[in-house]
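> My structure is below; once you've seen it, I'll send some questions.
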Amino acid sequence: MFTVTVTGALDETDSVRVLRLSRTDGEPLDPYPAGAHIDVTGPTGVTRPYSLCGPPGDTSAYTIAVKREADSRGGSQALHDKAGPGTRLTVGAPRNLFGLAPEATEHHLVAAGIGITPLLAMAYELHARGAEFRLHYVARSREKAAFDTSLETSGFSDRVVRHFGLGRQAAADALTEALAGLPEGAHVYTCGPHDFMAGIRALAARSLPEERIHSELFQAVADPDSGPDDGFEVELDTGEVYTVPPGRTIAEVLEEHSVPLDTSCREGICGTCVLRVIEGEPDHRDHCLSAKEKAAGDQIAACVSRAKSARLVVELW
């Protein structure tokens, strides 16, 4: 973690505020791959992950967009109301769980609402590479569409297809047509509300295998396939054994016993707390591991996932 200063603050819409964050010590920031996010600790001490949405090669500032959530627990509201130019915040280094596939022959980016943020960075990077891509942007109206002016003035405006104010069915029909018959080398990337992404994944799956369809969540959702919230034991590779009772998480129990563990979102989204599983069967409840990684059974997100076996043996990275 390091300290940054808010060097720019702009209300993109009535609910989305864009912040530019520069290092307080004046040093350049590290470049990052498109799709990356940073953990931001706001004025109230709440830490949340935010996608980086500026050009990835811009080392003068990190750009994030914060949507004000009606049920905010102090994260988004504080960044709207208390983070103006000159405010100091603490952030983590960029981490990428949603990157561009280097082998793709063409890229189809599909965003809804605030889901435009990681896909905007992808569009900047793909344009800089001269890669083949198309960005579809769904929003309730032009006034609700963050970064629409930036898209209009970008060098890739001809690659942007807007689906504004169409209504759910009309937008679904347009995206069904757009994602029909994708070639073998294509990859699809989507970000937005959970139901929207599930729909896009289903459309893309008509042409592409699962490993060529990528999505990123901003909020955790319940997994209907999760098992009961039973207690179990977690054993560290150093030999210590702890009981994880119903209603508690692995992360909470380890922290209670002063076991060092990095955490961030506490919702199974960011991947900070993932541990390696040596023995036992995880009950995956996260949204940061891929389906392939979950099937392998050798990783677990300690902040939300549990165990189907009586004991898990894990290794701290």
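Read the figures in this text as sums done on the coordinates, not as results from a lab. All of these numbers come straight from a predicted model, not from anything done at the bench. Positions of Cβ are generated from backbone atoms using ideal geometry, with glycine treated the same way; all protein chains shown enter the neighbour counts.
> Karplus couplings for the stretch 240-254 from phi (6.51 cos²θ - 1.76 cosθ + 1.60, θ = phi - 60°), rounded to Hz, Gly and Pro as x?
Working through the residues one at a time gives 5, 10, 10, 8, 9, x, x, x, 10, 10, 4, 4, 4, 5, 5 Hz.
> Under 22 Å Cα-Cα from LYS82, which lysines qualify once same-chain neighbours fewer than 8 residues away are excluded?
LYS67
> Write down the radius of gyration of the stretch 106-216 and its Dmax, each obtained from C-alpha positions, in Å.
Taking only Cα atoms of the stretch 106-216, I get Rg and Dmax of 12.9, 36 Å.
> Going by average Cβ density within 10 Å per residue, which order do the peptides 91-97, 13-19 take, highest to lowest?
The peptides rank, most packed first, as 13-19, 91-97.
> Could you give the radius of gyration (one decimal) and Dmax (whole number) of the Cα atoms in the chain, in Å?
For the chain, the Cα-based Rg and Dmax read 20.3, 59 Å.
> In whole Å, what is the distance between the alpha-carbon centres of the stretch 264-317 and the stretch 85-119?
Each part reduced to its Cα centre gives a spacing of 23 Å.
> Per DSSP helix of 4 or more residues, -39500 (n - 2.57); summed, then divided by the residues of the chain. What does that give at 222 nm, rounded to the nearest 500?
After summing the helix terms and dividing by the residues of the chain, the value is -5500 deg cm²/dmol.
> If you restrict to DSSP beta bridges whose two residues both lie in the chain, what percentage is antiparallel, to the nearest 5?
Around 60 percent antiparallel, to the nearest 5.
> Can you list the HN-Hα couplings for the stretch 279-285, worked out from phi with the Karplus curve (6.51, -1.76, 1.60; θ = phi - 60°), rounded to whole Hz and with x for Gly and Pro?
Per residue, the Karplus-derived 3J(HN,Hα) values read 9, x, 10, x, 10, 6, 10 Hz.
> Taking a cut-off of 19 Å between Cα atoms, list the lysines near LYS294, but don't count ones fewer than 8 places away on the same chain.
Candidates past the 8-residue exclusion: LYS308.
> Sorted by packing (mean other beta-carbon atoms within 10 Å per residue), highest first, where do 115-123, 307-315 land?
The peptides rank, most packed first, as 115-123, 307-315.
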